[in-house]
Amino acid sequence: MMRVTVAVVAKECVPGRVKTRLTPQLSPVEAARLAQASLDDTLDLVRALPAGRRILFFSGQAPPSAVGVEVMEQPEGSLDVRLGHLFDAVTGPLLLIGMDTPQLTAEAVAGPVWSWPDSVDAWFGPAADGGYWALAMREPDGGLIRGVTMSAPETGREQRRRLVDAGLRVRDLETLRDVDHVEDAGAVAVDAPHGRFASVWHRIRQEVPRVG
């Protein structure tokens, strides 16, 4: 079995700096609590995967939940530049996932983690909002990410096209929903009812009855 590096891209969950689209329905503090729970659930999953290397590609002070995971500091620059840095820094197959899909399961990444076939050069995990939640390359190349428009409805389409145009054989993973808005948070809590994210979400709903 090919050992894959699994990296989570994330930033410190500081109120007012993360999950800002969850406000004003939630306070900045509540939004940050949800973001931290989402990251913690994601790191739990990564620790359970049979990865050759586990990286938290992080901006800020790493949380206690990063125990057992190598922390790599993000450089300065736009998101495409930072992701390009990661894909140039890692040798060997690399799977990148975000921190916004706490409903992610091991089964959803079984292809790149357990059974990466010789006929696949890259894996692409589309997000429902037009972005992507996962990107994997057998031979990581940051040049295939730098210059892609980030955080836009066309981001996923543009990134996937970049891979295909480079001659890579791409296989898609399932489409997942990022937690960007309050409606997303409620739906994801239903999809993953036993995680930290759902627990925090239900506590917030009790504290703020108008939400959800």
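The values are calculated or read from the model by the stated rules, or taken from the named source; none is laboratory data. Quick caveat, the model's predicted, so the values are computed rather than measured. A quick note on method: Cβ atoms are made from the backbone with ideal geometry, for glycine too, and the neighbour counts reach across all protein chains shown. To get the accessible areas, we keep the full protein, side chains included, count just its heavy atoms, and leave off ligands, DNA and RNA. Shrake-Rupley method; radii C 1.70, N 1.55, O 1.52, S 1.80 Å.
Looking at Ala166, Ala187, Ala127, just one residue is in contact with an Asp or Glu (Cβ under 6 Å, 6 or more places away or on another chain) and either closer than 26 Å to Arg33 by Cα or open to solvent by 30 Å² or more (accessible area, probe 1.4 Å) (or both), and that residue is Ala127. Scan segment 71-87 and tell me whether some residue there is farther than 30 Å from Gly167 by Cβ and touching a residue at least 12 places away in the same chain (Cβ under 8 Å). Yes, segment 71-87 contains a residue that is farther than 30 Å from Gly167 by Cβ and touching a residue at least 12 places away in the same chain (Cβ under 8 Å).
Taking segment 88-110 as the range and being more than 23 Å from Ser38 (Cβ to Cβ) and either among the aromatic types (Phe, Trp, Tyr) or part of a helix (DSSP H, G or I) (or both) as the test, the residues that pass are Asp88, Ala89. Hey, among the residues in segment 130-157 that are closer than 22 Å to Ala51 by Cβ and among the acidic types (Asp, Glu), which one's surrounded by the fewest Cβ atoms within 10 Å (Cβ to Cβ)? Among residues in segment 130-157 that are closer than 22 Å to Ala51 by Cβ and among the acidic types (Asp, Glu), the one surrounded by the fewest Cβ atoms within 10 Å (Cβ to Cβ) is Glu139. Here Arg17 qualifies as open to solvent by 10 Å² or more (accessible area, probe 1.4 Å), more than 18 Å from Ala187 (Cα to Cα), of a type in the set (D, E, K, R) and outside any helix (DSSP H, G or I). If you go through segment 58-87 and pick out every residue that is of a type in the set (D, E, K, R) and in a strand (DSSP E or B), you end up with 2.
Residues in segment 20-37 that are part of a helix (DSSP H, G or I) and more than 19 Å from Met72 (Cα to Cα): Thr20, Arg21, Leu22, Pro28, Val29, Glu30, Ala31, Ala32, Arg33, Leu34, Ala35, Ala37. Does Glu158 satisfy the condition of being under 30 Å from Asp88 (Cβ atoms), out of contact with any Gly (no Cβ under 8 Å at 6 or more places or on another chain) and not in a loop (DSSP other than H, G, I, E, B)? For Glu158, the condition - under 30 Å from Asp88 (Cβ atoms), out of contact with any Gly (no Cβ under 8 Å at 6 or more places or on another chain) and not in a loop (DSSP other than H, G, I, E, B) - is met. The requirement of being open to solvent by 20 Å² or more (accessible area, probe 1.4 Å), at pLDDT 95 or above and over 17 Å from the mean Cα position of the chain (by Cα) is not satisfied by Glu174. Gly68 passes every criterion in (1) of a type in the set (Gly, Ala, Ser); (2) under 18 Å from Trp133 (Cβ atoms); (3) open to solvent by 60 Å² or more (accessible area, probe 1.4 Å) apart from (2). Within segment 188-203, the set of residues being of a type in the set (A, V, I, L, M) and either at pLDDT below 95 or assigned to a loop (DSSP other than H, G, I, E, B) (or both) comprises Ala192 only. Looking across segment 111-155, the residues that are aliphatic (A, V, I, L, M) and outside any helix (DSSP H, G or I) come down to Val120, Ala122, Ala127, Ala128, Ala134, Leu135, Ala136, Met137, Ile145, Val148, Met150, Ala152.
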